[in-house]
Structure formats: structure tokens, C-alpha cells
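Undergrad: Sharing a structure below in C-alpha cells format, with a few things to ask.
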Amino acid sequence: MSWAFAVFALALGLALWSSPLPVYADGLPDQLAPAAPFPLVLDESFEQDFVAPGVSLGRYYMITANGPLVIHALSVDLARPALRIDTVLSDDHLISKGETVSSMAQRTQAVAGMNGDFFDIGSTYQPIGMLMHAGALWRSPTGRAALAITA
């Protein structure tokens, strides 16, 4: 069975996709309209790639008043029964040697993956924010925002 995992991508995605802008058939808008304090967008182009049935990757190339910017967005159709969202820990441990997102995706046979938290880079590699994994609370909430996805 194929599946995808994403964490904060959907929090961003829900805000972006609710825009009244033109939207492609799979849910990604063909342009973004970020409000201030986002820098003024002077030029923008969009590319989209098929990843798997119900999953696509979009790239927004922007020239802003503050310089160039590339935004990557993952669209996941949660109505497809073969797809699921899950979390993965670096090396399957809270404290680890560190692992790339591509390695975690490959190891878990995910079709897509994205870094969902800041982490203690160069030391313990543990996530800094709240962490739920396999239905259990691994790190307590902090003063930061958190996203929870349930059945």
C-alpha cells in the first residue's frame, strides 16, 4: 500500500488552498497571494509534479521586493483510502544521530515527506516542539503552535 506523510504541510496547505484564486484540479492554486508582512510579490510562476495518485508537489518561484523565493507545497487528497498521514522520527528515536527527510521517506516507503518541526541540529536532533507519535505524547506542548490530525 502506498502512503504519504506530512505534518505541518497541511496546516499551511489549508490556509493557502482556501484562497479565492484559480485552483488546479488537485487542489493547488496556480498562484499565491500572501498578505503583509510577506514581502511584495513582483513576479511569480508555478510548476506542479505528479507524485502518486492523490499526491502532487507544487513549486512557486517568486521574485519579491526582498529577493527571490521558492515555496514548495504538497497537496494530499485525504479522501483516497490508500493514502494516510503519519509521523516519522529520525532513526525511530527521540534522540538520534540525525536522518534526512528523504532517508526517512525511503525507509518507511512513503511517497512524500516533509520536515515538520524545528530540531536540535548538530546535537541530539530531537524535535523542539510538541510531539505525538503512534498515538502517544512524546514531548509536552510548549508555547508554540501545534497541529493535530485525527481520524
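The values are calculated or read from the model by the stated rules, or taken from the named source; none is laboratory data. Note that this is a predicted model, so its numbers are computed, not measured. Cβ: placed from backbone, ideal geometry, glycine included. Neighbour counts: every protein chain shown. Each accessible area value is taken on the protein alone, full model and side chains, heavy atoms only, with ligands, DNA and RNA left out. Shrake-Rupley method; radii C 1.70, N 1.55, O 1.52, S 1.80 Å.
Undergrad: Looking at the range 89-119, which of its residues are under 19 Å from Ser75 (Cα atoms) and either of a type in the set (Ser, Thr, Tyr) or touching a His at 6+ places or on another chain (Cβ under 9 Å) (or both)?
TA: Ser102, Met114
Undergrad: Does Arg84 satisfy being in contact with a strand residue (DSSP E or B) (Cβ under 7 Å, 6 or more places away or on another chain), open to solvent by 50 Å² or more (accessible area, probe 1.4 Å), farther than 30 Å from Ala33 by Cα and not aromatic (Phe, Trp, Tyr)?
TA: no
Undergrad: Only residues that are open to solvent by 40 Å² or more (accessible area, probe 1.4 Å), part of a loop (DSSP other than H, G, I, E, B), under 22 Å from Leu57 (Cα atoms) and aliphatic (A, V, I, L, M): list them for the range 91-145, please.
TA: Matches in the range 91-145: Val111, Met114.
Undergrad: May I ask you to say which residue of Ala110, Ala134 is over 29 Å from Pro39 (Cα atoms), of a type in the set (Gly, Ala, Ser) and modelled with pLDDT of 85 or more? Spell out how you get there, then give the answer.
TA: Values: Ala134 fails: modelled with pLDDT of 85 or more.
Of Ala110, Ala134, the one residue that is over 29 Å from Pro39 (Cα atoms), of a type in the set (Gly, Ala, Ser) and modelled with pLDDT of 85 or more is Ala110.
Undergrad: If you scan the range 75-90, which residues turn out to be in a loop (DSSP other than H, G, I, E, B) and either free of Cβ contacts under 8 Å to residues at least 60 places away in the same chain or in contact with a Gly (Cβ under 8 Å, 6 or more places away or on another chain) (or both)?
TA: Step one: of the range 75-90, the residues in a loop (DSSP other than H, G, I, E, B) are 77-89.
Asp77, Leu78, Ala79, Arg80, Pro81, Ala82, Leu83, Thr87, Val88, Leu89, listed by residue number.
Undergrad: Oh, and also: Pairs needed: first member in the range 107-131, over 30 Å from Pro53 (Cβ atoms); second member anywhere, among the acidic types (Asp, Glu) and outside any loop (DSSP other than H, G, I, E, B); C-beta distance under 9 Å; at least 6 residues apart or different chains.
TA: What qualifies is Tyr125/Asp91.
Undergrad: Starting from the range 48-70, take each residue that is at negative phi and list its partners that are assigned to a loop (DSSP other than H, G, I, E, B) and open to solvent by 50 Å² or more (accessible area, probe 1.4 Å), counting only C-beta distances under 6 angstrom and pairs at least six apart or across chains.
TA: Ala52/Ser2; Ser56/Asp26; Ala65/Leu40
Undergrad: State the number of residues belonging to the range 35-81 that are closer than 30 Å to Arg139 by Cα and open to solvent by less than 40 Å² (accessible area, probe 1.4 Å).
TA: Number satisfying all stated conditions: 6.
Undergrad: How many residues, within the range 18-48, are of a type in the set (Phe, Trp, Tyr) and modelled with pLDDT under 75?
TA: 1
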